[in-house]
Amino acid sequence: MKYAVLGAGGVGGLVGGALARAGHRVTLILLPESAKRHPRYLSLRSLVLGEFKAPVAITTQLVLDADVMWIAVKATQMDDAVSRLRIEQFAPGLVIPLLNGIDHVAKLRATYPRENVMPGSIRVESERTAPGEITQLSPFAAIQLAAAGPAAARGVQVAEEISAAGLTCEVVEDEASMLWGKMAFLAPLALTTAAKSAPLGAIRSDRSWWRRLESCLTEVCHAGHAQGARIDRAEALARLTAAPENMRSSMQKDLEAGRTPELDAIGGPVVRAGRAHGFDVSTTEDLMTIIAARAAHG
């Protein structure tokens, strides 16, 4: 299949690079100023895929002849990107968002045919170190695609091509559980590492911060359950316990680089669910307050 990638950062660059190396046509959709600086290839240093360069095409416009468009921009950038590209013109192409959070799915379906939006989830630590250069640091890179009914066949085809390209990919039916299952790992990791400005190992070695992480995890699980998701808290805690000591969240990296953190995308759904259903989300709120203050002061 032919693929377009909107957002050639750590996640989009990793997925696009893997598919390009596997022989698929991959087009990166970039802002005009970024397109001028970006090489016509993606260079990856990956613990999962190894080191390689793969050729890609570059455009500043919507790619109407692609079969699949991956959306891998930051949640804070999605509204602008979607409105700029007039994404509704992409029909009947498949749109797969790999954003952090929950709320972006409903936003995309308000703009684009519901059956053509296939939410995805990726668990990975990957970052762009320079235009076209991607470093994937985690010993895992696992993608899930949520698809049921007639859409499942298209999801299976994408998953097979991603898997053949070297990344783990599976199709699941339960969209809510997929999205909230990722949140159960992401939100405690992101909010604690960003608030403390330290990697996961430092959170684990500090009893008070580990208690905050566990409390945040509990609040995320309550929020997910309230939205009909099935989340195994023990499994999520085990992943957080076993993740690499030096693992840093993208929110921590954004904050340290002076970029706007995805605070509402990651913490907001938890807090809003708590307020709507009347359960305690004070730990998540406190961590968000710390991060917002750090962001405000640079």
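The values are calculated or read from the model by the stated rules, or taken from the named source; none is laboratory data. Owing to the predicted nature of the structure, the values given are computational and were not obtained by experimental measurement. Neighbour counts run over all protein chains shown; Cβ positions are idealised from the backbone, glycine included.
Is one or more of the residues making up region 194-206 within 19 Å of the chain's Cα centre (by Cα), more than 28 Å from V5 (Cα to Cα) and not assigned by TED's automatic domain parsing to the domain that holds L47? Yes: one or more hits. In a residue-by-residue description of region 66-80, the property of being surrounded by fewer than 16 Cβ atoms within 10 Å (Cβ to Cβ) and either within 20 Å of G155 (Cα to Cα) or in contact with a strand residue (DSSP E or B) (Cβ under 7 Å, 6 or more places away or on another chain) (or both) applies to no position.
Here Q136 meets the list (1) touching a residue at least 40 places away in the same chain (Cβ under 8 Å); (2) touching a strand residue (DSSP E or B) at 6+ places or on another chain (Cβ under 6 Å); (3) of a type outside the set (G, A, S); (4) farther than 21 Å from L28 by Cα almost entirely, failing just condition (4). Within region 111-141, which residues are in a strand (DSSP E or B), modelled with pLDDT under 95 and more than 24 Å from D80 (Cα to Cα)? Hit for region 111-141 is R123, nothing else. Taking the listed residues A187, A202, the one that is free of Cβ contacts under 8 Å to residues at least 60 places away in the same chain and among the hydrophobic types (A, V, I, L, M, F, W, C) is A202, with no other qualifying.
Residues that are surrounded by fewer than 24 Cβ atoms within 10 Å (Cβ to Cβ) and either among the hydrophobic types (A, V, I, L, M, F, W, C) or at positive phi (or both) within region 8-22 comprise just one, A22.
If the condition is being modelled with pLDDT of 95 or more, more than 19 Å from T168 (Cβ to Cβ) and among the charged types (D, E, K, R), then region 18-35 contributes only R25. Comparison of A153, A226, A164, A142 shows that the only residue that is surrounded by fewer than 17 Cβ atoms within 10 Å (Cβ to Cβ), in contact (Cβ under 8 Å) with a residue 40 or more places away in the chain, small (G, A, S) and in the same structural domain as R40 (by TED's automatic domain parsing) is A164.
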